Structure formats: C-alpha cells, structure tokens
Amino acid sequence: MAQEAQRAYLDAGVLARLSRLTLNARQPMLGSVTGLHRSATRGSSVEFAEYRKYAPGDDIKFVDWRVFARTDRFYMKEFEADTNLRCQLVLDATGSMAYAGRHGRKLDYAIRLAATLAHLLVHQGDAVGLSLITHAGLKEIPPRRAPSHLRHIFDAFDALKPGGTADLAEALHTLAEKIKRRALVVVLSDFFAEPEPLINAFQHMRFQKHDLALFHLLDRDEASFEFDRPIRFNDLESSFQLITDPALIAADYRREFDAHLEVLQRSSREFGADYQRVFTDHDYEQVLAAFMLQRLRAAGAGGGAA
C-alpha cells in the first residue's frame with residue numbers, strides 16, 4: 001500500500017472509506033477461486049439453488065432423503081457456488097479525453113476512477129485487467145488477483161499520453177470476443193462517436209454475458225457550451241479547426257449534444273448496461289460510492305439477467 005499511495009491518483013482516505021463497501025457483480029460470474037460473487041455454475045456453498053433429478057454417478061450425499069421419503073424418487077440438492085470476479089477496465093485514451101476544463105483533464109479523472117476501482121477489487125480478492133484504447137490500437141494487461149499486479153496497471157496509467165483517434169466501437173467488439181470468461185467490463189470514455197455503432201458494441205458485450213458498466217465522462221464546457229465571444233475550436237483528434245461565433249451555433253449544438261446523451265443512456269439501459277453519466281466537477285468518491293451501493297442493492301434484489 002505504501003508504494004501505491006504515492007500515486008497521485010490514489011487517496012488513502014478515499015480507499016479506506018470505500019473499502020467498507022463491496023463491489024458486486026450484477027450477474028453470475030465464472031471463476032476458479034472461492035470469492036464474493038455468485039457463480040454461473042453450481043457448487044456446494046451454503047446457499048441452496050434448486051433441485052434436479054438424480055443421474056448415475058452423482059454423489060449421494062446431496063440426495064434429499066426427505067423428498068425421497070415423500071415421493072419415492074431421488075432428487076439432488078444444488079447450491080450456488082461463490083466465485084471470484086474478473087474485471088476488465090477499458091479506458092479511452094484518444095485525443096478528446098485530453099480536454100481540460102476548469103477541473104482538469106477528463107483522462108485524469110478517468111484514471112482516478114479506474115485506479116481506485118482496481119485497488120478496491122484486488123484487495124477484495126478479485127482479478128483486474130486493463131485495456132487502453134489508443135490511436136495505436138489496443139494495449140492490454142490481463143487480469144490478475146495479486147496486489148503486486150496493480151503496479152503494472154498504475155505504470156500504464158503513468159505512461160499514458162492521450163492523442164489521436166480510434167474506432168471505439170470496433171475496439172469494444174474486439175474486447176467482447178477476447179474476454180473469454182464472464183467479466184465485469186468497466187468502460188470509461190466520453191463516447192464521442194456515432195451512437196449506433198457504440199450501441200451495437202454494448203449489445204455485443206451483453207450477448208457475451210459480460211456485466212457492462214459505462215462511465216460517460218464529460219466536462220461542463222461540453223454540456224453548457226457557454227462561450228461568449230468568437231473563438232477557434234480545435235479538434236483534439238485531428239487537425240480540423242473552426243473559427244465561429246458560438247452564439248450562432250449554440251442552440252443547434254446543445255440540441256445535438258442532448259440527443260446524443262439521451263440515446264446512449266436510453267439504449268444502454270434497455271439491454272442491461274449500467275450507465276453512469278459523470279462530469280469532471282463531481283466528487284469522484286461520491287461517484288464510486290453511489291456506483292457500488294447501487295450494485296449492492298441490485299445484488300440484494302436478485303441481480304441482473306444471466
């Protein structure tokens with residue numbers, strides 16, 4: 001912890017407070033280590049799941065003899081196995097994430113969220129990996145459970161320089177296929193891309209049985225568009241520039257911007273993704289606490305669809 005605490009994006013007080021909570025999967029996971037989360041397979045934990053008919057070779061210690069006494073038939077008791085969670089953090093490191101308003105860069109805020117989640121998950125016994133979406137392609141660190149693994153993730157954050165452009169939807173399609181076992185996939189991005197390809201990629205993730213959480217990161221400037229004099233707008237992902245009077249385009253901009261947000265939020269929730277819209281002036285501790293509490297309540301209510 002001493003080495004980790006030296007990282008600028010980790011706060012010991014925040015970690016201590018958030019560690020009182022558990023980050024839960026909303027649906028059964030697959031794993032080989034006993035842990036906190038419901039498994040998609042059956043095991044021998046204390047929580048009863050269901051009955052099934054006896055089949056040759058079954059261990060007779062799981063026969064329910066009371067049911068046999070009533071029905072003269074053999075039925076096996078099955079239980080839900082607990083397992084460890086695998087989390088893949090997916091961070092958008094394209095040029096638009098370099099935008100810095102009054103509260104700093106979107107990328108720095110995203111790193112703070114991702115680093116805190118990684119620390120909490122590893123220290124509750126779960127495996128964490130990292131995928132960076134960059135102009136040079138995907139850069140990946142596979143999931144590991146060891147606390148020493150965090151150093152590799154944090155070193156990648158330290159070395160990260162946002163820039164250029166990438167096909168975010170295509171990268172998510174690739175990850176949906178590459179992440180073989182069910183996982184919690186946490187995507188941190190400003191999602192500045194055409195919504196339909198993004199939505200298809202989200203659906204692909206859910207089709208692969210991944211538990212998908214989206215952190216939609218925005219700066220207040222992008223939402224309010226409150227510029228009061230002619231200004232030069234520079235595209236952070238290309239060489240395009242536009243000099244204009246913001247008053248002439250503000251109404252159209254806000255209409256298109258709000259429509260983009262609405263379609264992403266509505267569509268992601270329609271197929272079961274966990275959507276969080278976050279502005280960089282939000283307290284990141286409160287954002288993560290609300291996220292974790294929401295998932296705890298969902299797990300207590302039965303979780304999401306498998």
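The values are calculated or read from the model by the stated rules, or taken from the named source; none is laboratory data. From a predicted model like this one, the values you see are computed outputs, not experimental measurements. So basically every Cβ, Gly included, is an ideal-geometry build from the backbone, and we count neighbours across all protein chains shown.
A few notes on this one:
- Residue check for A127: touching a strand residue (DSSP E or B) at 6+ places or on another chain (Cβ under 9 Å), surrounded by 18 or more Cβ atoms within 10 Å (Cβ to Cβ) and under 16 Å from V187 (Cβ atoms): no
- From the list R255, R266, the lone residue that is part of a helix (DSSP H, G or I), among the charged types (D, E, K, R) and within 18 Å of the chain's Cα centre (by Cα) is R266.
- Some residue of the range 218-240 being surrounded by fewer than 18 Cβ atoms within 10 Å (Cβ to Cβ), within 20 Å of V90 (Cβ to Cβ) and free of Cβ contacts under 8 Å to residues at least 24 places away in the same chain: no
- Answer from A114, A159, A169 - the residue that is surrounded by fewer than 14 Cβ atoms within 10 Å (Cβ to Cβ) and assigned by TED's automatic domain parsing to the domain that holds F192: A159
- Check on L212, within 20 Å of the chain's Cα centre (by Cα) and buried (at least 22 other Cβ atoms within 10 Å of the Cβ): yes
- In this structure, R182 does not qualify as surrounded by fewer than 17 Cβ atoms within 10 Å (Cβ to Cβ) and assigned by TED's automatic domain parsing to the domain that holds T94.
- Being in the same structural domain as D219 (by TED's automatic domain parsing), hydroxyl-bearing (S, T, Y) and either in contact with a helix residue (DSSP H, G or I) (Cβ under 8 Å, 6 or more places away or on another chain) or not in a helix (DSSP H, G or I) (or both) holds for only one residue in S131, S148, and it is S131.
- Scanning the range 212-238 for residues that are among the acidic types (D, E), in a loop (DSSP other than H, G, I, E, B) and either at pLDDT below 80 or in contact with a Gly (Cβ under 7 Å, 6 or more places away or on another chain) (or both) gives D219, D228, D235, E237.
Yes/no per residue for (1) touching a strand residue (DSSP E or B) at 6+ places or on another chain (Cβ under 8 Å); (2) farther than 26 Å from S268 by Cβ; (3) assigned to a strand (DSSP E or B):
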residue: V122; (1), (2), (3): yes, yes, no
residue: D158; (1), (2), (3): no, yes, no
residue: A166; (1), (2), (3): yes, no, no
residue: K180; (1), (2), (3): no, no, no
residue: A193; (1), (2), (3): no, no, no
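- A136 out of contact with any Ser or Thr (no Cβ under 6 Å at 6 or more places or on another chain), crowded, with 17+ Cβ neighbours inside 10 Å and not basic (K, R): no
- Checking each residue in the range 198-209 for being surrounded by 15 or more Cβ atoms within 10 Å (Cβ to Cβ) and closer than 18 Å to Q265 by Cβ picks out L198, I199, A201, F202, Q203, M205, R206.
- Elements of type helices (runs of 4 or more DSSP H) contained in the range 1-100, each with 3 or more residues being at pLDDT below 85: 2-5, 65-71
- Residue in the range 175-198 that is in contact (Cβ under 8 Å) with a residue 12 or more places away in the chain and closer than 18 Å to A8 by Cβ present: yes
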